Amino acid sequence: MTVTADGAAYYGRAVRLLDEVEELESSMSDAKLNPRGKLRIDALSAVANFILIPAMDDFCARYPDIQVDIGVSDRPVDLIGENVDCVLRAGAVTDPSLVARRIGDIRSVLCASAAYLKRFGMPQHPSDLEGDRHRVLTYFASGRERYALQRGDERYEVNSRGTVAMNDSNAMLAAGLAGLGVARTAMFMAAPHLAAGTLQVVLPEWSLGVAPVYVVYPPNRHVSAKVRVFID
């Protein structure tokens, strides 16, 4: 048996109607004190694994009647089409049809393994990352990648040629730990390895800046109690 196009459309509308009824019930005074229902969240893989999931034990203990579904994806998500309540995203939110609330910042660092630095030495200036002396890990969109480093009023735009490129932040961290080169990663991901000494910060006096983190949700959807307590 297969569903017809009309049946699929009917089902999709029925699900949205049921969600609206649930949100209406959640807006009542009792539900505000005891939020309930299914909460669908989508987050970047690194944010989900390193920040969101470790914090969920306390949230689930405080709100036992909320069933949490966590979608982990680095692709853009259609919040309405996929029936997602909210998403956590790093960087600028470019869709003007969505509501974005800034909830934090992610600081990035350059780092390398102790074994790599013993073999190739510690870079002394951002220009050292542009030559052949050092191996630089990049995110691939092209063979070369540009990013800016700031030290006080001094700004330097690095134009590095990557020896190994990847499209995932977890893979970038793993490559840095494996000694494949100088990695650019979020501080919250690198922190335990920096503390253990398996990674060291490269060019610590130079800053890569911060990326804002937003919780994003549709503007035409009533912010139910379950979404509100999650945002808070």
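Readers should treat all values here as calculations from the given coordinates under stated rules, not as data from a laboratory. A quick note: this is a predicted structure, and the numbers were derived from the prediction, not measured. A quick note on method: Cβ atoms are made from the backbone with ideal geometry, for glycine too, and the neighbour counts reach across all protein chains shown.
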Inset, instruction - Pull up the DSSP beta bridges for region 106-211 and report the antiparallel fraction as a percent, rounded to 5. - result: 85
Legend entry - Cα shape, region 106-211, gyration tensor, a/c 1.5 rule: rounded
Legend entry - Full-extension gain in nm, Ala178 to Leu18, via 0.36 nm per residue minus C-alpha separation: 52.7 nm
Legend entry - Dipole in debye (nearest 20) - the chain, about Cα centre, beta carbon charges: Lys, Arg +1; Asp, Glu -1: 640
Inset, instruction - State whether region 1-118 is rounded, prolate or oblate according to the following rule on the C-alpha gyration tensor (a ≥ b ≥ c being the square roots of its eigenvalues): a/c under 1.5 gives rounded; otherwise a/b larger than b/c gives prolate, and the remaining case gives oblate. - result: prolate
Legend entry - Extension gain, Ser97 back to Asp132 (0.36 nm per residue minus Cα-Cα distance, nm): 8.1 nm
Legend entry - Correct option for Cα extents along the principal axes in Å [calculated from the coordinates] among [x] 49, 40, 37; [y] 56, 34, 32; [z] 62, 40, 37: [z]
Legend entry - Cα-projected label distance for Ala195 with Asn167, points at 7 Å along beta-carbon direction, nm: 3.4
Inset, instruction - Within 10 Å of each residue's Cβ, count the other Cβ atoms and sort Glu20, Glu154 from fewest upward. - result: Glu154, Glu20
